[in-house]
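> One structure, as structure tokens, below. Some questions next.
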Amino acid sequence: MLYEKDLMAKLNLSHEIIIYGAGVMGKALMPCLRDFPYNLRIACFLVEHMKNNPVEIEGIPVIDLEHAATLKNGTILVALHEKYLADAIKNLREKGFFNLISISFDSDIWSSIRWNWLYEHERKCGTTFLSLEDALNKDLHVYVAHSITDKTLKDVFPIRKFEIPIQVGAILTDKKIFSIRDDQGENISEKNRQYCELTALYWIWKNDKSKYAGLSHYRRRFKINEEQA
């Protein structure tokens, strides 16, 4: 199943595909779009200025806005961290770039693009790639990361049968909010301030014994209906 079909159809019809941002997000997006099932040609990376940026990334040129006048008709994928998107889009529009699509690690578009690529990659390698619906019928634990600094949520949903709350950074506080904590067994709980929810992921790797295990990043939970749950 391919997600974001309308977006991908639009990209396939585009005169030029340009990625704005030569950082982590842009570099992660590029190989997905160049590979199957998209097979798109990336014309260039676009950046505000060349300071601290390479002149090319894997053979794709990096161009600053000062020398990008001929690229204004291209489709620009603004691939940045969420907190930089609004300012970047405002800056691009002021300079005459209007065919913009925002993509950040927090966006549904990125999740769909990554899913499509990963599904085809795993299938090509002969690996079974389970959807969430398939996995729910298996031996599955999905840990939901919490910390003592969590803000109160406006909406609170009951814990599903496959979800397990895990307290992260537990070794850094005397307050214990859940029975499962990332300071139990083999762990790196003391690194939580540097690694965030990855201390939970490490704990799962070293201590969970289920056939399938997953992690919801700080209470960001799967959006599925009750029948699927």
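The values are calculated or read from the model by the stated rules, or taken from the named source; none is laboratory data. All values reported here derive from a predicted model rather than from experimental measurement. Cβ coordinates were reconstructed from backbone atoms using ideal geometry, including for glycine residues, and neighbour counts include every protein chain displayed.
> Counting only residues that are of a type in the set (Gly, Ala, Ser) and assigned to a strand (DSSP E or B), which one in segment 58-107 is nearest to Glu48 (Cα to Cα)?
Selected residue: Ala79.
> With respect to Ala22, is the statement that it is among the small types (Gly, Ala, Ser) and over 22 Å from the mean Cα position of the chain (by Cα) true?
no
> Something else: Please state which of the following conditions Thr75 fails to meet, knowing it meets all the rest: (1) touching a residue at least 60 places away in the same chain (Cβ under 8 Å); (2) β-branched (Val, Ile, Thr); (3) over 26 Å from Tyr119 (Cβ atoms).
Only one criterion is unmet by Thr75, namely (3).
> Could you please let me know if Ser14 is within 22 Å of Arg220 (Cβ to Cβ), of a type in the set (Ser, Thr, Tyr) and either modelled with pLDDT under 90 or touching a Cys at 6+ places or on another chain (Cβ under 8 Å) (or both)?
No; evaluated as a whole, the condition is false for this residue.
> In segment 185-229, what residues are loosely packed, with under 12 Cβ neighbours inside 10 Å and acidic (Asp, Glu)?
Result: Glu186, Glu226, Glu227.
> Same structure again: Go through segment 191-216 and count every residue that is closer than 18 Å to Asp106 by Cα, of a type outside the set (D, E, K, R) and either not assigned by TED's automatic domain parsing to the domain that holds Ile148 or not in a helix (DSSP H, G or I) (or both).
Residues meeting the conditions: 4.
> With the requirement that a residue be over 14 Å from Gly74 (Cβ atoms) and modelled with pLDDT of 95 or more, what does segment 31-47 give you?
So in segment 31-47, the residues over 14 Å from Gly74 (Cβ atoms) come out as 31-32, 34-39, 47.
Passing the criteria: only Val47.
> Across segment 200-229, what is the number of residues that are among the hydroxyl-bearing types (Ser, Thr, Tyr), closer than 18 Å to His146 by Cβ and over 18 Å from the mean Cα position of the chain (by Cα)?
Qualifying residue count, segment 200-229: 1.
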